[in-house]
1. Take 85, 41, 8 and order them by how many other Cβ atoms sit within 10 Å, fewest up front.
2. Please compute the modelled spin-label separation between residue 98 and residue 124, points set 7 Å along Cα→Cβ, answer in nm with one decimal.
3. Once the Cβ-Cβ distance between residue 107 and residue 63 is put in as r, and R0 is 25 Å, what FRET efficiency do you end up with, to the nearest 0.05?
Amino acid sequence: RAVDITTSDKDKNKYAMLARLAVEAGFDWVYYESKGHVHCSVKSEHSVAAKTGGCFPGDAQVTIEGGRIKQMRDLLTGDRVLASSSADIHAPLLYSPVVSFLDRQPNATRTFYVIRTDGGHNITLTAAHLIFVTECSSR
């Protein structure tokens, strides 16, 4: 099941809150696609996202504009984080603003999984979080 959320009054300030409410309602995937709408989808009534919430631990690190590293727990709305600009592996990375925190519960206890790459890097996240996967041409 999927839904696109928009408002009739075109008040763009509402979309971040609508995306957050969609996560709280149990949608598996919430994509703040543009300043015009939010796309939400769910696999089933028993989605893992609805049961577990969260995505990353507070001590997970991101690169913010200017090249500094910041822990997720310290991010603020408006901070610009390094992100992929497209599913195309040749597309440039860009800094994208944090528009909302969909499931920030610093005192909640969650189960996180650690994935270790061949290159020795780790990513820690919940079972419900999606990961961008692509072919690596450097091998």
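None of the figures in this text is laboratory data; all of them are computed from the coordinates on show. Small disclaimer: the values here were computed from a predicted structure and weren't measured. Heads up, the Cβs are rebuilt from the backbone with ideal geometry, glycines too, and the neighbour counts pull from every protein chain shown.
1. Numbers: 85 11, 41 15, 8 5.
Lowest count first: 8, 85, 41.
2. The answer from the label model is 1.7 nm.
3. Working: r = 26 Å, r/R0 = 1.06.
About 0.40, to the nearest 0.05.
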